[in-house]
1. Exactly one of (1) open to solvent by 40 Å² or more (accessible area, probe 1.4 Å); (2) within 27 Å of CYS24 (Cβ to Cβ); (3) touching a residue at least 12 places away in the same chain (Cβ under 8 Å) is unmet by CYS95. Its number?
2. How many residues does the stretch 127-146 hold that are touching a residue at least 40 places away in the same chain (Cβ under 8 Å) and over 20 Å from ILE89 (Cβ atoms)?
3. If you scan the stretch 71-89, which residues turn out to be open to solvent by less than 80 Å² (accessible area, probe 1.4 Å) and under 16 Å from ILE189 (Cβ atoms)?
4. Which of (1) at pLDDT 95 or above; (2) open to solvent by less than 70 Å² (accessible area, probe 1.4 Å); (3) assigned to a loop (DSSP other than H, G, I, E, B) does LYS41 not meet, given it meets every other one?
5. Return the pair list, or none, for Cβ contacts closer than 9 Å from residues in the stretch 55-70 that are farther than 18 Å from PHE142 by Cβ and open to solvent by less than 60 Å² (accessible area, probe 1.4 Å) to residues that are in a loop (DSSP other than H, G, I, E, B) and of a type in the set (Val, Ile, Thr), at least 6 apart or on different chains.
6. Would you check which residues across the stretch 44-54 are open to solvent by 50 Å² or more (accessible area, probe 1.4 Å) and either outside any loop (DSSP other than H, G, I, E, B) or among the hydrophobic types (A, V, I, L, M, F, W, C) (or both) and list them?
7. Just to be sure, is TRP173 open to solvent by less than 10 Å² (accessible area, probe 1.4 Å), assigned to a loop (DSSP other than H, G, I, E, B) and out of contact with any Gly (no Cβ under 6 Å at 6 or more places or on another chain)?
Amino acid sequence: MRVYLAVVGAVLLLDLTLSLKDGCLSGRGQKGFPNPETTMKECLWYSKSSCCFGNFTEELISPVKRVENTTWDTCQQFSNRCELYMKRIECFYRCSPHAVHWMNPNYTAAFLHVPICVSFCDSWFDACKDDLTCAKNWLTDFKWDSDGNHCEHDCVPFSEMYTNGTDLCQSMWGSSFVPSSTEGHCLQINGQDEMVLNHILCPSSSSKNPSWIALDKRHKHWTLILGGGSHWTSELTTLDPGHEV
């Protein structure tokens, strides 16, 4: 006899995340796995589980001029507001243990199509609209040599280089980010992202797509049936044959 038990979403996700463990990208200077960092100067919301070493964050102390081989002030020093958003993006890339969930399969030191909230993009655009840049795509539009990045085009305000926040998010770092207007299922690139991470990675946990556990006493196995239709079966070793579920 098979008995179906509805599983509370939050409890179910604790089991599902065993197969969705955090980790680190394979970029230069990043850790092999995340762990606490007590000497971070910036990116503090990742200090309990960080993919970057504390000494890296010293490069992000204001005013930021250069991060590894990338010069930020190719046109001028960023304003404080603009620099804050640039730092948040850099912190996510270098230090977040969550970025690995969107690892680029063709280049494991980078991420691909991270769902970023349009509200964050709009705030970023507003903070930087009067700051100057000479490259729309910071991965491809600079001239790169052994000294780093150099302008190949004139410096113009962000508000001329980018149409709006969505354009900024989906252009500055190539295909790294995908703007999303679905609040609660996108990242704000701050310390609150962990709260929505499970909704993004496990959309089947939604109340519209409930998940179930099927217990088969006769054949002594259980099956986890996800809202999306996936099944996960395992041997049942702890069920008491005389216990009615």
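1. For CYS95, the exception is condition (1).
2. Number of matching residues: 0.
3. If the condition is that a residue be open to solvent by less than 80 Å² (accessible area, probe 1.4 Å) and under 16 Å from ILE189 (Cβ atoms), then CYS82, GLU83, TYR85, MET86, LYS87, ARG88, ILE89 are the ones that fit.
4. Against the list (1) at pLDDT 95 or above; (2) open to solvent by less than 70 Å² (accessible area, probe 1.4 Å); (3) assigned to a loop (DSSP other than H, G, I, E, B), LYS41 comes up short only on (2).
5. Here the result reads THR57/THR39, each pair linking the stretch 55-70 to a residue that is in a loop (DSSP other than H, G, I, E, B) and of a type in the set (Val, Ile, Thr).
6. LEU44, TRP45, PHE53
7. Answer is no for this residue.
A quick yes/no check of all residues on (1) under 17 Å from MET86 (Cα atoms); (2) crowded, with 20+ Cβ neighbours inside 10 Å; (3) modelled with pLDDT of 95 or more:
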{"position": "THR108", "(1), (2), (3)": "no, no, no"}
{"position": "PHE111", "(1), (2), (3)": "yes, yes, yes"}
{"position": "VAL114", "(1), (2), (3)": "yes, yes, yes"}
{"position": "ASP122", "(1), (2), (3)": "yes, no, yes"}
{"position": "PHE125", "(1), (2), (3)": "yes, yes, yes"}
{"position": "ALA135", "(1), (2), (3)": "yes, yes, yes"}
{"position": "THR140", "(1), (2), (3)": "no, no, yes"}
{"position": "LYS143", "(1), (2), (3)": "no, no, yes"}
{"position": "SER146", "(1), (2), (3)": "no, no, no"}
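The values are calculated or read from the model by the stated rules, or taken from the named source; none is laboratory data. Because the structure is predicted, anything quoted here is derived from the model rather than measured. Virtual Cβ from ideal backbone geometry, glycine too; neighbours counted across all protein chains shown. Surface accessibility is based on the protein's heavy atoms, side chains included, excluding ligands, DNA and RNA. Shrake-Rupley method; radii C 1.70, N 1.55, O 1.52, S 1.80 Å.
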